[in-house]
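Read-outs: derived from the displayed coordinates by stated rules, not from any lab. Since the model is a prediction, treat every value here as computed from it, not as a measurement. Don't worry about glycine lacking a Cβ; one is built from the backbone with ideal geometry, like all the others, and counts go over all protein chains shown.
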Amino acid sequence: MAATLDGSDNPEKSSERKPGRPGKWKPFRKNWDLYLMAAPVLAYFVIFEYVPLYGLQIAFKNFVASKGIWGSSWAGFVHFERFFDSYHFWRLIRNTLGIGLYELAVGFPLPILLALMIHEARNRLFRRFVQTITYAPHFLSTVVLAGLLFIFLSPQTGFVNQFIRLFGGDPVSFMTEPGWFKTIYVLSGAWQHMGWSSIIYLAALAGVDPQLHEAARVDGAGRIQRIWHINLPGIMPTIVILLILNAGRILSVGFEKVFLMQNQLNMETSDVIATHVYRMGIAGAQYSYSTAVGLFNAAVTFVMLIAVNAIARKVNETSLW
């Protein structure tokens, strides 16, 4: 049999190779504009999320800035042991976990309730008014929110204490009482983000089939029954996904707001892992120790996210992956 033009004795094999090569890059050439749009996002994560991981090794070294990362001596798990053995370890865990669970218990269901109430409102103008009022606090900066809290809760001029005096009570120094810190932090955060967080639930409610409600009305179901048996099951996958994301961030209590509300009088309940890392790492220049604490926090958060996702997948068959 005569050899083929490319020198192969098998014409079928040579004919199979050629079409495969141009088809390999065909999806990229066809959708090049989409890949171009995604490129800045990928670049952002690579530059600001993955490249900095190189610096995590200072958690295992006695980092000296003048020597650099490679020039600093190896320390192993010394900084982790120092954190675990410190007297404020359990206080930091208790405060961070307490605020995170409190925020999950109060701040997570409120947007769902708000979305259900807005969805059930019949007057379109009233719905828009409520949405505007509840969305607006989200655009306040953390600094402005903390300032408002100090003004409203002031023992001398705050309207909350003025209201307490009106009924014969004694003024309360809310911002310096350790027992009030978690409640003020969580409730103010729920007020600020409740309206904005309800948007995704309103979008999910818009996808519920209206014919289900019509059929339920024919069967004599009331509004509460329709909410419970139609609306809630319809948005349950969205609720589960957001619950997983929120549960994975229990130990990731935000730094800015806690730091702005924190003072020496409420330190007992306001000191969390994020503020401790700032105080020891930035203010105290203990870079290796603060990196070790931050790495511990990230590792625990990652494990919690994996565990909650696995539980949700087993219980509700809905998960992130």
Projected label distance in nm at Tyr35 and Tyr54, using a 7 Å step from Cα toward the beta-carbon: 2.6 nm
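Return the loop-located chymotrypsin sites (Phe, Trp or Tyr not before Pro) in the stretch 75-139 (DSSP other than H, G, I, E, B) with at most 16 other Cβ atoms within 10 Å of their own Cβ; answer none if there are none. Write out the running numbers ahead of the final one.
Values: sites: Phe77, Phe80, Phe83, Phe84, Tyr87, Phe89, Trp90, Tyr102, Phe126, Phe129, Tyr135, Phe139; in loops: Phe77, Tyr87.
Loop-located and lightly packed - Phe77, Tyr87.
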Built amide H within the under 5 Å cut-off of Asn266, gap 5+: none
Cut-off under 5 Å, modelled amide H: who pairs with Ser72 long-range: Val64
Under the span-like rule (Cα at least 18 Å along the axis, Kyte-Doolittle mean at least -0.5), DSSP H helices of the chain: 32-45, 89-107, 178-206, 232-247, 287-316
Gaussian network model of the chain, springs between alpha carbon atoms under 10 Å - residue of Thr301, Thr132, Thr142 with greatest fluctuation: Thr132
Ranking of Phe150, Phe48 by count of other Cβ atoms within 10 Å, fewest first: Phe48, Phe150
Cα convex hull of the stretch 114-174, projected area averaged across orientations, nm²: 6.1 nm²
Which labelled figure in (i) 78, 45, 41; (ii) 109, 75, 35; (iii) 52, 49, 32 is Cα extents along the principal axes in Å, once derived from the coordinates: (ii)
The stretch 102-236: equivalent-ellipsoid semi-axes (sqrt of 5 x gyration tensor eigenvalues, Cα, Å): 37, 16, 14
